[in-house]
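What follows is a short report on a single structure.
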Amino acid sequence: MKLQMLYNDYIRLQFHLPLELTHGYMLAYGQYEDDSAALFFADYPEETFSDWMAEIRPKDPYYGPKPDWKPVLAETFEQLDVYDEMILYYLLFTINSTLSINTHNTYSAMNDVMKKYSFLQLSHLRDISRLKDEQKQRLRDFFFFFYLYAHPVNEETLYACSFHEQRLIHTKNGMPLGEYFAAYHDHYTTHRDQYTEKLAISAEEIQVCKTLTMELLHVIEGRSNKLIIPSVKSAETAIQLINDVDEMLKLYVDDPAAFFQIIRDLLHGTTRDVTIETSAGAHNNGDITTNTDSLRVSAGDASNDFRSYRDYCFTVLLQNYASYILFFDFNEIRVFVSAFRDTPEECSFIISKMFTDTIFLQKMMRQHQIDLNQYPEVTRFFNDEAKQWYL
């Protein structure tokens, strides 16, 4: 299954861009009335990829009398107990929900931004050469934390796993998640006939789910090609920096004024005719395989949707600045403010957006014990929302 193609569909649906949905698979996107979306099975229109295992959810060991049962895969994984099994189920659901679109309320909208952003950055970390391994490991832990936190998951699930080299493991017993998820799908494939009342999908479709789950897991672990977001006219340069963090870091070091100008251009960018180009599978060990779709949209139909996507790109670029620059040297925020202070309203908008679109900077400042009172040249540009958050 080509994850990049599904990811393209996911982004297009999220921002109401012209669609060319992936065909030829047992899974395809469907939308709800509130603009939420999920991957549905073609033969079972009521079943989704994220919820296919809902009826085989393990009993919750935290409710009722002391558990007197064993996990379904106890013979394969002797170190597993029923509490671990529950956590692993939550993790599986969280991973399978990655490509779902949730827009139920403001709270879940921010969570969706953070989870989507963290997933994309986890796919990029392996290819970044301008950061040391130790720096990438710190960011990997940071992004994975927010990937789970923004789902959201409970505290036990949030801290249940850790990275061992390029594998996610269940920290308590050292079991690789990939091995467990593969065995989980294989068990229900082999014993599908025993669960006819609980499983609507076929054994073949369970294996399709296994393939997609493993692809998503490999993205999180940094063992797959990086994902890229579609490019659009008038935002190509900014999106190029989003899709290539090394290039962003190089530009910031070599010519910070040019970097800040790209932010200005993205903020004020306009378009009359939009071309969406998607390069699926690009940058694979230096061999670029391009699968390009060009979609032209009239300005009247595209303006609002394009503006929404451009705003998303603006958010991602600002969060990249926070994640890859401020995370390691928060004093660089003074350089940022200095570049925009001659246009106070613009500076206030950009700085406040960077600090309030997500809670990444809150977490960074707590981790690094940063006192914003030491940065009056920054906080003077906070809008009312940012002041309420931080001051």
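The values are calculated or read from the model by the stated rules, or taken from the named source; none is laboratory data. Because the structure is a prediction, the values reported are computed rather than measured. When we count neighbours, we look across all protein chains shown, and the Cβ atoms used for this are built from the backbone with ideal geometry, even at glycine. Just so you know, the surface numbers come from the protein's heavy atoms only, side chains and all, with ligands and any DNA or RNA stripped out. Shrake-Rupley method; radii C 1.70, N 1.55, O 1.52, S 1.80 Å.
When all protein chains stay in place and ligands, DNA and RNA are ignored, the 1.4 Å accessible-area order of Val82, Val253, largest first, is Val253, Val82.
Compared with the direct C-alpha span, the chain from Asp34 to Arg341 gains 106.5 nm at full extension, assuming 0.36 nm per residue.
With the cut-off at under 20 Å, measuring from each backbone N in the range 238-257 to a point 7 Å along the Cα-to-Cβ line of Asp329 picks out 245-257. Its Cα centre serving as origin, the range 3-93 has a Cβ charge dipole (Lys and Arg +1, Asp and Glu -1) of approximately 160 debye. Run through the range 332-388 and list the chymotrypsin sites (Phe, Trp or Tyr not before Pro) located in a DSSP loop whose Cβ has at most 10 other Cβ atoms within 10 Å. Of the chymotrypsin sites (Phe, Trp or Tyr not before Pro), not one in the loops of the range 332-388 has a Cβ with at most 10 other Cβ atoms within 10 Å.
In the elastic network of the chain, a GNM with C-alpha springs shorter than 10 Å, the most mobile of His368, His185, His170 is His368. A DSSP coil position with no more than 11 other Cβ atoms inside 10 Å describes the following GluC sites (Glu not before Pro) in the range 91-192: Glu165.
Relative contact order of the chain, taken over Cα pairs closer than 8 Å and 6 or more residues apart, is 14 percent. With the helix formula -39500 (n - 2.57) applied to DSSP H stretches of n ≥ 4, the chain reaches a computed 222 nm mean residue ellipticity of -15500 deg cm²/dmol. Once the C-beta distance of Gln362 and Lys2 is scaled by a Förster radius of 56 Å, the resulting FRET efficiency is 0.95 to the nearest 0.05. Computed from the C-beta positions of Gln194 and Asp254, the FRET efficiency with R₀ = 51 Å rounds to 0.25.
Using the beta-carbon distance between Lys387 and Arg264 and R0 = 25 Å, what value does 1/(1 + (r/R0)^6) give for FRET efficiency, to the nearest 0.05?
0.55
Using only alpha carbon pairs under 8 Å that are at least six residues apart, calculate the relative contact order of the range 155-215 and give it in whole percent.
Averaging sequence separation for qualifying contacts and normalising by length gives 23 percent for the range 155-215.
Overall, the chain carries a charge dipole of about 900 debye about its Cα centre when +1 sits on the Cβ of Lys and Arg and -1 on the Cβ of Asp and Glu, all other atoms neutral. For the range 148-193, what does the alpha-carbon gyration tensor say about shape, rounded, prolate or oblate, given a ≥ b ≥ c as the root eigenvalues, a/c under 1.5 as rounded, and a/b over b/c as prolate? It comes out oblate by the Cα gyration axes.
Put simply, the amide H of Leu168, placed in the peptide plane, has neighbours under 5 Å in Leu177, Gly178, leaving out anything fewer than 5 places away on its chain.
Going down the list Lys210/Lys363; Lys115/Lys387; Lys59/Lys136; Lys66/Lys363; Lys116/Lys387; Lys115/Lys250, which pairs span over 30 Å between their C-alpha atoms? Before the final figure, lay out each step's value.
Details: Lys210/Lys363 34 Å; Lys115/Lys387 25 Å; Lys59/Lys136 38 Å; Lys66/Lys363 37 Å; Lys116/Lys387 26 Å; Lys115/Lys250 26 Å.
Exceeds cut-off: Lys210/Lys363; Lys59/Lys136; Lys66/Lys363.
Where does the charge balance sit around Gly222 when Lys and Arg score +1, Asp and Glu -1, over other residues with C-beta under 14 Å from its C-beta?
So the surrounding residues net to +1.
If a/c stays under 1.5 just call it rounded; otherwise compare a/b with b/c (prolate if a/b is bigger, oblate if not). Do that for the range 138-243, with a ≥ b ≥ c from the square roots of the Cα gyration tensor eigenvalues.
Details: a/c = 2.37, a/b = 1.46, b/c = 1.63.
It is oblate, given that a/c is not under 1.5 and a/b is not larger than b/c.
Under the criterion of Cα pairs below 8 Å and six or more residues apart, the relative contact order for the range 1-96 equals 15 percent. Taken one residue at a time, the phi angles of the range 243-253 give Karplus couplings (6.51, -1.76, 1.60, θ = phi - 60°) of 7, 9, 5, 4, 5, 4, 5, 5, 4, 5, 6 Hz. Gly and Pro are set to x. One decimal place: the segment Leu19-Asp43 gains 6.5 nm when fully extended, by the rule 0.36 nm per residue minus the C-alpha distance. Oblate is the label for the range 301-355, because the ratio a/c of its alpha-carbon gyration tensor axes (a ≥ b ≥ c) is 1.5 or higher and a/b is not greater than b/c.
3J(HN,Hα) along the range 150-157: 7, 4, x, 10, 6, 5, 4, 6 Hz, from the Karplus curve 6.51 cos²θ - 1.76 cosθ + 1.60 with θ = phi - 60°, whole Hz, x for Gly and Pro. The phi-based Karplus calculation (6.51 cos²θ - 1.76 cosθ + 1.60; θ = phi - 60°) puts the 3J(HN,Hα) values of the range 53-60 at 9, 4, 7, 10, 4, x, 4, 7 Hz, whole numbers, x for Gly and Pro. For the pair the range 200-260 / the range 82-159, the C-alpha centres are spaced 14 Å from each other. Computed on the chain, the Cα convex hull volume stands at 164 Å³ per residue. Under 18 Å from a label point 7 Å along Cα→Cβ of Ala183: give me every residue in the range 201-235 with its amide N that close. Counting backbone N atoms under 18 Å from the label point, the list is 210-211, 214. The orientation-averaged projection of the convex hull spanning the C-alpha atoms of the range 1-76 amounts to 8.3 square nanometres.
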